[in-house]
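Read through the structure below, which is laid out as structure tokens, and then see the notes.
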Amino acid sequence: MLLELRGITKRFGPLVANDHIDLVIEPGQIHALLGENGAGKSTLMNVLFGLYEPDEGQIAVDGTPVTFRGPSDALAAGIGMVHQHFMLVPVFTVAESVMLGHESTRGVMLDLDAARAQVRELSARFGFDVDPDARIEDLPVGVQQRVEIIKAMARDAKVLILDEPTAVLTPQETDELIEIMRQLAAAGTSIVFITHKLREVRAVADVITVIRRGAVVGSAAPTADESELAAMMVGRAVLLDLDKAPAQPGATVLSVRDLLVLDRAGTTVVDEVSFDLARGEILAIAGVQGNGQSELAETILGLLPPVAGSIVLEGTELVGKSVREILDHGVGFVPEDRSHDGLVGEFSVAENLVLDLIFDPRFRKPFGVDIAAVQANAQQRIGEYDIRTQGPGQPAGRLSGGNQQKVVVARELSRPLRLFVASQPTRGVDVGSIEFLHRRIVQERDTGTPVIIVSTELDEVSALADRIAVMYRGKIVGMVPGDTPRDVLGLMMAGVPLDEARRQAAENPTTETILKEGDL
Amino acid sequence: MSTVIDDRPVAEAHVVSPRPVLRVPITLAVLSVISLLAFGLGSESGTTSTLALSFRNDAVQLSPLVLNTKGTCLALSVICLAIAAYSFLAAFRFRKTPMWLNALFGVAWVFAFLVWAVEGKSTSLVDLLQGSLLLAVPIAFGAFGGVFCERAGVVNIAIEGQLLVGAFAAAVVASVTDNVYAGLLAAPVAGCLLGLLLALFTVKYAVNQIIVGVVLNVLAVGLTSFLFAAVLKPNAETLNTPPLLEPIAIPVLSSIPVLGPVLFRQTIIVYAMYAAVVVLTIALFRTRWGLRVRAVGEHPEAADTVGIQVNRTRWRNVLWGSSTAGFGGAFFTIGYVGAFGPEMSGGKGYIALAAMILGRWTPIGSLGAALLFGFATKLVSALSVLGTPVPSQFLQMLPYLLTIFAVAGFVGRVRGPAAAGVPYVKG
């Protein structure tokens, strides 16, 4: 099936999310759509899938123009989509999820046996190991993604759209997904692969289209090198490698011992974790989303009470102290979900820059807040961090992701710290801001602050870390130096112990490593 | 290419419960001790409690059950204590006490209470059971109406109002036409009209569902009370003297001793309730319609992406649910009391909401919970007639106390449809 997008334009109020985009997807081709967060990739695919109606332009299937009024039209035309946030009902079984929307029935009753058989058949064809009677919420994300693919294939999708499919996967799972994509393409299914990760694009794509600010800025061959692709994506030359000086660790100031944290259901989320951290050192906590890293960071700040264990910072026990006391003790914290926990969207940039500092004498007058000092502080930070805003009075919620994150980081680093903890410091942030934030974090390290970075992005971990702790199901699988190869880290993220991971990585290098060491 | 990932000692996720959860065992133990001390040892030896097993007009009269009060209470208390002990044992082994044992405990405890309360007197067991069933009817229909709506993601607080307008419409239409079945048809139509408003505001205009529901209840109370005072009262002869539904005895089944007359010599509304619970259960869990409805209530975006019309499904379900609740309202007038009185639903709609939650959003569970509320209410009225040692104000608390215990202790954590209460706005 030949799918063409002709001059697609989609506006949200004054914002042009897609600006006259042309795209041709040939049968059996893996077509990568590369662009930063907010470049308009997902909007374009939602138009293609019938979730949004385009303001201008048309979609053509095998040369015939078509109109999609809703997802059912797109599905009928043979377009399937695996969304970034899976569209699966957590309490349904795999068979129920796959049959939903095109159920086979016996009389008025659902024919679950037929659905089970279909799941087994498709699962066998692609080498998935999926139990049709498993409940979705009990499945790991990697398997849930396969259920999504089965869902699309059960409807005979000729074009499969994968929206940021690797965001939730370990490098090894990513590799398996790439293999599945190749298999599907070989069987004649066209694949649209949306991503912002350069490595994956080069590993799998036949054609690369780069989108920036809602418009196609060009296409590239998979042989193009990474900095070339990055420059197209961002619109200027980007330094992909952060050159940082080697760490100069000082005295050990933080020691975490046997930390045990349970969630509300009584499941262990942080399982007897112990580690030390020295002044002037960055410890990255790596792991696939949901393996206890976020909870570990929240426990250090006092947001979650641990069941057992201790956290001692410069001789003071933090466990049992309130969040306010811990902040006052000199802990800076960048939460994982900035729009929810890091900022008050309705408040101005200036107010957000002093959100947890209003008890600081710098911003206080005898009977209230020193508004002039708050304004002066805002002007200074906006300049220092290059925060792109209409002014200190603009609501923080209106800023772009990267600028919002700059506000949070600027606030947390605007006072002397004993410890700096940042969860996912660059999630959903544009490449330019990532560069800036990384530099700023290293700068903080170099002033002697111990830094903990929690990140699910291996690129970020490798760029920042002096030491890496890999977490899996609440435990630290191993503590490794910052220059540990990605393959080894990836295996450890799946729970493989360090020595075993080294051995397996040497035996089975992933595509990424082959690409890197190969002669491309 | 394939790397072995899982199944390593490090990889074992395990559930750590540092302490066994003793909420249920302690509750059971405290209740058992109360039963032993108050009912068992508190009753005088030698007295008897008499429980009638037949209605006066039954063809076959069974002789009433005469029980030694102290002996029976002691025996039942011992059963309760045994179950409580087993429950402790299970808790320390990190196992859950099976549901049927909890139910058995409940039956034994309540029976001990009943035997103690009628010490030296007599009451009718069949009357108690039949009364429970009848009181449960509007609650069950209200809860079914709630299930319809919430399974599709709309919280229906307006059950109370729907019961009330159903009761009103049934009374007026049955009086005017002098046909009780016309009244039975009018009730769901009235409920549906109220549902139309609910769907319009919650689904189309995405207004907060709780607020709309509460407002509709106030509207229903105001409207029916006004019409009652202004129209029905002056013309009571023509507008508010509906004929009553006649009980229909089902051959064979109604001649089963004790339970036969209780369950199978009832009006058509009660039989409709039996049918509704079966049909609704099958429809919700075994048909295409049910699968789609549940998807809409759990994850509307997911339903949308496979081509299911989320808001159309919600519209339809709100109308179905409101009609069901309205139908249940007919019971108040043409099924039980006869004439309409202002605010005669008396909070049953809210109890229905609780029954739905207690029944974990399933039709069978809702019916069970409704029967439980019905029984508690009937027990209170039966006991107040007898003049028992317990103050009547305390007895009137019983149904609500039961709700708290049942929801907190026995059901545990309940999880409703994930998207209930959240309007679906595209894009």
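The values are calculated or read from the model by the stated rules, or taken from the named source; none is laboratory data. Everything quoted here is computed from the prediction, not taken from an experiment. So basically every Cβ, Gly included, is an ideal-geometry build from the backbone, and we count neighbours across all protein chains shown.
Give the residue that is surrounded by the fewest Cβ atoms within 10 Å (Cβ to Cβ), with candidates limited to residues of segment A:3-17 that are modelled with pLDDT of 90 or more and not β-branched (Val, Ile, Thr). Talk me through it step by step, then tell me what you get.
Looking only at segment A:3-17, we keep the residues that are modelled with pLDDT of 90 or more, and these are A:3-10.
Still in the running and not β-branched (Val, Ile, Thr): A:3-7, A:10.
On the way: A:3: 23, A:4: 17, A:5: 20, A:6: 16, A:7: 13, A:10: 22.
Within segment A:3-17, the match that is surrounded by the fewest Cβ atoms within 10 Å (Cβ to Cβ) is A:7.
Checking the structure you have, find out if any residue of segment A:440-460 is more than 14 Å from chain B (Cβ to nearest Cβ), within 16 Å of the chain's Cα centre (by Cα) and over 27 Å from residue A:411 (Cβ atoms). Explain how you work it out, then say what you get.
Start the filter on segment A:440-460 by keeping residues that are more than 14 Å from chain B (Cβ to nearest Cβ), which leaves A:440-460.
Among the residues that remain, those that are also within 16 Å of the chain's Cα centre (by Cα) are: A:453-460.
Then keep just the ones that are over 27 Å from residue A:411 (Cβ atoms); that gives A:458.
Yes, there is a match, as at least one residue in segment A:440-460 is more than 14 Å from chain B (Cβ to nearest Cβ), within 16 Å of the chain's Cα centre (by Cα) and over 27 Å from residue A:411 (Cβ atoms).
Condition check ((1) more than 23 Å from residue B:368 (Cβ to Cβ); (2) in contact with a strand residue (DSSP E or B) (Cβ under 8 Å, 6 or more places away or on another chain)) across all residues:
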| site | (1), (2) |
| --- | --- |
| B:61 | yes, no |
| B:67 | yes, yes |
| B:84 | no, no |
| B:89 | yes, no |
| B:94 | yes, no |
| B:116 | yes, yes |
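Return yes or no: is residue B:381 polar (S, T, N, Q) and either surrounded by fewer than 24 Cβ atoms within 10 Å (Cβ to Cβ) or out of contact with any helix residue (DSSP H, G or I) (no Cβ under 6 Å at 6 or more places or on another chain) (or both)? Spelling it out, residue B:381 is indeed polar (S, T, N, Q) and either surrounded by fewer than 24 Cβ atoms within 10 Å (Cβ to Cβ) or out of contact with any helix residue (DSSP H, G or I) (no Cβ under 6 Å at 6 or more places or on another chain) (or both). Based on what the data block shows, is residue B:261 more than 14 Å from chain A (Cβ to nearest Cβ) and part of a loop (DSSP other than H, G, I, E, B)? So residue B:261 does not fit the description; no. Consider segment A:355-368 and keep the residues that are part of a loop (DSSP other than H, G, I, E, B) and in contact with a strand residue (DSSP E or B) (Cβ under 9 Å, 6 or more places away or on another chain). The one that is modelled with the lowest pLDDT is A:358. Taken over segment A:256-273, the criterion of being free of Cβ contacts under 8 Å to residues at least 60 places away in the same chain and either more than 11 Å from chain B (Cβ to nearest Cβ) or over 14 Å from residue A:294 (Cα atoms) (or both) is satisfied by A:256, A:257, A:258, A:259, A:264, A:265, A:266, A:267. The set of residues in segment A:193-241 being free of Cβ contacts under 8 Å to residues at least 40 places away in the same chain and hydroxyl-bearing (Ser, Thr, Tyr) consists of A:219, A:227.
You will find that of B:206, B:230, the residue that is more than 30 Å from residue B:268 (Cα to Cα) and either among the polar types (S, T, N, Q) or in a loop (DSSP other than H, G, I, E, B) (or both) is B:206 and no other.
Scanning segment B:264-297 for residues that are away from chain A (no Cβ under 13 Å) and of a type in the set (Gly, Ala, Ser) returns B:272, B:275, B:276.
Could you please find all residues in segment A:397-432 being touching a strand residue (DSSP E or B) at 6+ places or on another chain (Cβ under 7 Å) and either of a type outside the set (S, T, N, Q) or on the phi > 0 side of the Ramachandran plot (or both)?
Within segment A:397-432, the subset touching a strand residue (DSSP E or B) at 6+ places or on another chain (Cβ under 7 Å) is A:408-409, A:412-413, A:417-425.
Matches in segment A:397-432: A:408, A:409, A:412, A:413, A:417, A:418, A:419, A:420, A:421, A:422, A:424, A:425.
Of the residues making up segment B:139-180, just one is surrounded by fewer than 24 Cβ atoms within 10 Å (Cβ to Cβ) and of a type in the set (Ser, Thr, Tyr), namely B:177.
The number of residues in segment A:493-508 that are facing chain B (nearest Cβ under 10 Å) and in contact with an Asp or Glu (Cβ under 9 Å, 6 or more places away or on another chain) comes to 6.
Please verify whether segment B:335-353 includes one or more residues that are within 23 Å of residue A:91 (Cα to Cα) and crowded, with 20+ Cβ neighbours inside 10 Å.
Yes, there is a match, as at least one residue in segment B:335-353 is within 23 Å of residue A:91 (Cα to Cα) and crowded, with 20+ Cβ neighbours inside 10 Å.
Scanning segment B:308-331 for residues that are more than 14 Å from chain A (Cβ to nearest Cβ) and either at pLDDT below 95 or not in a helix (DSSP H, G or I) (or both) yields a count of 0.
Consider segment B:279-296. How many of its residues are under 21 Å from the mean Cα position of the chain (by Cα) and either crowded, with 16+ Cβ neighbours inside 10 Å or within 14 Å of residue B:324 (Cβ to Cβ) (or both)?
Here is the first cut: in segment B:279-296, the residues under 21 Å from the mean Cα position of the chain (by Cα) are B:279-285.
Keeping just the survivors that are either crowded, with 16+ Cβ neighbours inside 10 Å or within 14 Å of residue B:324 (Cβ to Cβ) (or both) gives B:279-281, B:283-284.
Final tally of qualifying residues: 5.
Scanning segment B:75-99 for residues that are over 29 Å from the mean Cα position of the chain (by Cα) and not in a helix (DSSP H, G or I) turns up B:93, B:94. Only a single criterion out of (1) within 26 Å of residue B:219 (Cα to Cα); (2) modelled with pLDDT of 90 or more is not satisfied by residue B:362, namely (1).
Taking segment A:169-261 and the helices (runs of 4 or more DSSP H) fully enclosed by it, the elements with 2 or more residues that are out of contact with any Lys or Arg (no Cβ under 8 Å at 6 or more places or on another chain) and within 22 Å of residue A:468 (Cβ to Cβ) are at A:171-186, A:198-204. When the criteria are applied in full, residue A:39 meets the requirement of being under 29 Å from residue A:431 (Cα atoms), more than 12 Å from every other protein chain (Cβ to nearest Cβ) and touching a residue at least 12 places away in the same chain (Cβ under 8 Å).
Within segment B:178-230, being of a type in the set (Gly, Ala, Ser) and under 14 Å from residue B:329 (Cβ atoms) holds for B:183, B:186, B:187, B:190, B:191, B:195, B:220.
Listed here are the residues, each with its yes/no results for (1) more than 11 Å from chain B (Cβ to nearest Cβ); (2) assigned to a helix (DSSP H, G or I).
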site: A:84; (1), (2): yes, no
site: A:87; (1), (2): no, no
site: A:97; (1), (2): no, yes
site: A:103; (1), (2): no, no
site: A:114; (1), (2): yes, yes
site: A:122; (1), (2): yes, yes
site: A:157; (1), (2): yes, no
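Just one of the numbered conditions (1) in contact (Cβ under 8 Å) with a residue 40 or more places away in the chain; (2) buried (at least 20 other Cβ atoms within 10 Å of the Cβ); (3) over 17 Å from the mean Cα position of the chain (by Cα) is not true of residue A:168: (3).
Do the conditions hold for residue A:294, that is, is it among the hydroxyl-bearing types (Ser, Thr, Tyr) and closer than 28 Å to residue A:427 by Cα? Answer is yes for this residue.
Checked against the criterion of being closer than 21 Å to residue B:380 by Cα, out of contact with any Pro (no Cβ under 9 Å at 6 or more places or on another chain), of a type in the set (A, V, I, L, M, F, W, C) and surrounded by fewer than 19 Cβ atoms within 10 Å (Cβ to Cβ), the candidates B:78, B:107, B:118, B:33 yield just one match: B:107.
Only residues that are within 11 Å of chain B (Cβ to nearest Cβ) and over 22 Å from the mean Cα position of the chain (by Cα) were counted across segment A:465-484, and they come to 1.
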